[in-house]
Structures are given as C-alpha cells and as structure tokens.
Amino acid sequence: MSLFLAVALGGGVAIAANKAMPGEMLYPFKISINERLESTFAKNSEARVRLHIKLMQARLDEATTLAAAGTLDTDIEAALTQNFTAHATAAAAEVANADAAGNQAQAAAMAATFHATLAQQAATLTDTSIKSTPEVQASLASVLAGVQQVLSTASAASAQAAAEAAGE
C-alpha cells in the first residue's frame with residue numbers, strides 16, 4: 001500500500017511540475033527530473049533534436065509569460081537563456097553527429113527543422129516584444145538577442161548541411 005501511495009504521489013508531483021514556472025517550488029523538479037526523463041526516452045538523433053527544440057520553446061514561453069507578468073528578473077532571465085542555449089547546443093551537436101556518421105541527408109533535414117523552428121521562435125518573440133509594454137520589451141531584449149545569435153549559427157549550419165547532403 002505504501003509503495004502504491006509513493007508512486008501515486010510521485011506521479012502527481014511529476015505531472016504538477018510540468019506546469020511549473022521558474023521561481024516556483026516544482027520548477028527544479030520539472031527541469032532536473034521530468035525533462036531528463038524525457039531525454040532518456042529519445043532514442044535517436046531525430047527524436048533528441050525534436051525534444052531539444054520542444055524544450056527551447058518551453059524556455060521562451062516561460063520567459064514571455066514571466067515578462068508579461070512583470071516577474072522576469074535578471075536571475076531567471078539568465079537561467080532561462082542558459083537553459084535555452086544548452087538545448088540549442090545539444091540540438092546542433094546531434095546534427096553534427098549525424099553528419100559525422102555519414103548521414104548527410106538526415107543531418108540536413110534535422111538542421112533545416114532546427115533552423116526553421118528557431119526562425120519561427122525568433123519571429124514570435126519579436127512580435128510579442130513589439131506588442132508589449134516598454135518594461136516587457138526591456139525584459140525580453142536579452143532573451144531575443146540570445147535567440148537571434150543561436151539562429152545565426154543554426155542558419156549557417158543548416159546551409160552547410162544542405163550543401164553536404166546535395167554533394168552526397
């Protein structure tokens with residue numbers, strides 16, 4: 001009975017943590033447990049790239065939500081940007097690994113998806129910022145700069161992967 005209760009409570013915490021925002025008590029559980037568990041089940045490069053893209057989007061959504069609420073402070077902004085960048089770096093590494101393994105077509109497809117998603121995220125974040133108050137714009141400025149920097153790198157990687165795939 002106690003094992004069942006422990007599993008049920010643990011599952012409830014995991015589910016509740018999925019909706020946690022930075023600064024809330026369950027947020028570290030969301031990042032450290034739930035998201036790492038998800039990555040365990042991403043068994044191939046394409047699945048891992050999709051997961052990293054999903055988690056990058058989650059960090060941007062969190063930043064936008066907190067900025068709109070006026071609660072995006074510099075510490076949370078830095079942590080979100082660091083997490084976003086870590087997922088972007090991991091996604092780029094998956095593309096590079098596929099390319100190095102001789103899977104140029106797969107690498108090009110993953111790089112194109114990564115680039116297109118980043119471009120869409122940057123556009124959405126820019127649009128949100130433009131439509132927001134000056135305070136929200138200021139809060140989102142460095143987040144947007146980080147996204148644009150990653151987008152620039154992803155653009156170059158996507159172009160290189162496409163060229164290599166075309167030369168196969």
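Table for the structure above
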| read-out | value |
| --- | --- |
| Over the chain: Kirkwood hydrodynamic radius from C-alpha pairwise inverse distances, Å | 17.2 |
| Partners for Lys131 among aspartates and glutamates (Cα-Cα distance below 16 Å; same-chain residues under 8 apart left out) | Asp61 |
| Only Lys, Arg (+1) and Asp, Glu (-1) charged, at Cβ; the chain dipole about Cα centre in debye | 340 |
| For Leu72, residues with placed amide H under 5 Å, excluding near neighbours | Ala67 |
| Least to most buried among Ile15, Ile33 (fewest other Cβ within 10 Å first) | Ile15, Ile33 |
| 222 nm mean residue ellipticity, helices alone, for the chain (DSSP H n ≥ 4; -39,500 (n - 2.57); rounded to 500) | -28000 deg cm²/dmol |
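Since every read-out is calculated from the coordinates, none of them should be taken as a lab result. As the structure is a computational prediction, the values presented were derived from the model and not from experiment. A quick note on method: Cβ atoms are made from the backbone with ideal geometry, for glycine too, and the neighbour counts reach across all protein chains shown.
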